[in-house]
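Undergrad: Take this structure first; my questions come after.
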Amino acid sequence: MSIRTRSFCCTALISAWSSIAAPQPARTSGPDHVDITWMSISNMYYELGPLRIITDGYITRLPKGAFSGGGGGYATTSGSFTPDVAAVTRVMNALGGPSAVNLLLTGHSHFDHSFDTGTWTKLTGAPIIGSQTTCFQIRAEAVPANRCTVVNGGEQRVLADGVTMYVVRWNHSGDPATNPEQHNAVELTDVPRPDPATGGLRAGVTEDFPNGGGNRAFLFVVDGPPGRFSWFFQNSASAVDLTVPIVVNGVDYGAPLANLQRAMQQAGLASVDLWIGTGASAVAKLVLPVLKPKAYMPVHWDSFFTPFEQGPDAPFRNTILEPMLIEAGIQLVRPLQYMDKWRLNTTGIRPVSNTVVQDVLGFKHR
């Protein structure tokens, strides 16, 4: 299908969006920690007491040979595809079943991020927060429109008592000069039409899975009994235009770094405890002075074509970024295996065992 840009507005979902710009006094009834599980790629699982959030959640693996065209090689596909419902169900059951997920977030809407979002919401009933493109994609899978809330950046939401999320409009990796179809901010303008024979969608970035108007990053702030802790998540970024406003259909959504600075100010933060993100050293040079994170966890460094069951080919390594983190005194949280888990609280981040889940899914301990 053809793609044109368009801007959209947002609706309410779990609780009312807050219109208060100034940070609120610290509350003491929130959770005292968050457990963070790296499920693969940029698929994250957050456990905050009864609040259980999956970000992205792409478990299906599409064949690399099906993609071609464009500067990045992902413009079009040779056919339509459907989610691997059995694989998603297996992961969901390992986490604890349908009740183990009650909110879904998508950072952007390329296939390796939002392809399984419709399946997750069908299995769990969890509502979705993401781009208009993501909301159109899940409607193509016969999910009710009211299950998905569109966010454009700048929104502030109380997810649970003591847990606040700030949506930050962000950019996508790449360069408008080399892979514009993958990098440039593009939204779907209507619900994709499933293949009449297979019921599937076409996963190319110029087909049914554009990036969704760039990206949505999420800043989380938790006020629990011991005090406040926070983390920032983004699943793609380009150093080329982090300081350039994102414009879709004539609407200026602000420059990513300026948007992040604004969210930090609204949250009353001078730094965060953890940055979960991607973009390597060029992006880090620009983001670190704004975030001032105490720790960094890399995501989206592994293959999104290798079967999920095989786990990552090797641990994370970046010989340019790692010395930069050491010099800045930032702890590197190095993922080794899918479903590795950490606990973040006011004292910092530390690994916790997740061998029960890893054993169920067949992952070797590393």
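Undergrad: Which of the listed residues, S109, V143, L188, is farthest toward the dipole's positive end in segment 91-194, when Lys, Arg count +1 and Asp, Glu count -1 at the beta-carbon?
TA: Sorting the options by dipole projection puts first V143.
Undergrad: Sort K341, K364, K294 from largest to smallest accessible area, using a 1.4 Å probe on the heavy atoms of the protein chains.
TA: Details: K341 30, K364 160, K294 115 Å².
Largest accessible area first, the residues go K364, K294, K341.
Undergrad: Please give the charge dipole size of segment 200-299, origin at the Cα centre, charges +1 on K and R Cβ atoms and -1 on D and E Cβ atoms. Round to the nearest 20 debye. Numbers along the way, then the final one.
TA: Numbers: 7 positive and 6 negative charges, 60 e Å.
In debye, rounded to 20, segment 200-299 gives about 280.
Undergrad: I'd like the per residue volume of the convex hull spanned by the Cα atoms of segment 176-242, given in cubic angstrom. Let's see the in-between values first.
TA: Values: hull volume 9.3 nm³, N = 67.
Roughly 139 Å³ of hull volume per residue.
Undergrad: Give the calculated FRET efficiency between N146 and V191 to the nearest 0.05, with a Förster radius of 22 Å applied to their Cβ-Cβ distance.
TA: Step by step, r from the Cβ atoms, then E = 0.95.
Undergrad: Continuing with this model, one more query. What does the net charge come to around V167 if you take all other residues with beta carbon closer than 9 Å to its beta carbon, with K and R at +1 and D and E at -1?
TA: Here the charged neighbours net out to +2.
Undergrad: Within 9 Å, Cβ to Cβ, of Y46, how many net charges do the neighbouring residues add up to if Lys/Arg are +1 and Asp/Glu are -1?
TA: With Lys, Arg at +1 and Asp, Glu at -1, the neighbours total -1.
Undergrad: Leaving out ligands, DNA and RNA, what percent of the accessible area of segment 149-263 is carbon and sulfur, probe 1.4 Å?
TA: 52
Undergrad: Can you give me the accessible area per residue for segment 277-352, using a 1.4 Å probe, in Å²?
TA: I get 46 Å² per residue for this part.
Undergrad: Separate question: So, counting K/R as plus one and D/E as minus one, what does the shell of residues with Cβ under 10 Å around G130 add up to?
TA: For residues surrounding G130, the net value is 0.
Undergrad: So what is the calculated 222 nm ellipticity per residue for the chain, using -39500 (n - 2.57) for each DSSP H run with n of 4 or more, over all residues, to the nearest 500 deg cm²/dmol?
TA: -5500 deg cm²/dmol
Undergrad: Between segment 280-307 and segment 88-124, how far is it from one alpha carbon centroid to the other, in angstrom?
TA: Centre-to-centre (Cα) distance: 23 Å.
Undergrad: Given the chain, what percent of its DSSP beta bridges are antiparallel, to the nearest 5?
TA: 75
Undergrad: Can I ask one more? For a quick check, take a GNM of the chain with Cα springs below 10 Å and name the residue from P245, P225, P196 with the largest mean-square fluctuation.
TA: P196
Undergrad: What do you get for Rg/Rh of segment 237-280 when both radii come from the Cα atoms and Rh is the Kirkwood radius?
TA: 1.02
Undergrad: Cα extents of segment 122-280 along the three principal axes, largest first, in whole Å?
TA: Dimensions of segment 122-280 along the principal axes of its Cα atoms: 56, 41, 28 Å.
Undergrad: About the Cα centre, and with charges only on the beta carbon of Lys, Arg (+1) and Asp, Glu (-1), how big is the dipole of the chain? Nearest 20 debye, please.
TA: Computed charge dipole of the chain: roughly 420 debye.
Undergrad: Keeping all protein chains in place and using 1.4 angstrom, which order do Y253, Y338 fall into by accessible surface area, from largest down?
TA: Descending order: Y253, Y338.
Undergrad: Another question, if that's okay. Tell me, what is the per residue accessible area of segment 50-178 in Å², probe radius 1.4 Å?
TA: For segment 50-178, the per-residue accessible area is 29 Å².
The values are calculated or read from the model by the stated rules, or taken from the named source; none is laboratory data. Being a predicted model, the structure only gives us computed values, none of them experimental. Positions of Cβ are generated from backbone atoms using ideal geometry, with glycine treated the same way; all protein chains shown enter the neighbour counts. Areas reflect the complete protein model, heavy atoms only, side chains present, ligands, DNA and RNA absent. Shrake-Rupley method; radii C 1.70, N 1.55, O 1.52, S 1.80 Å.
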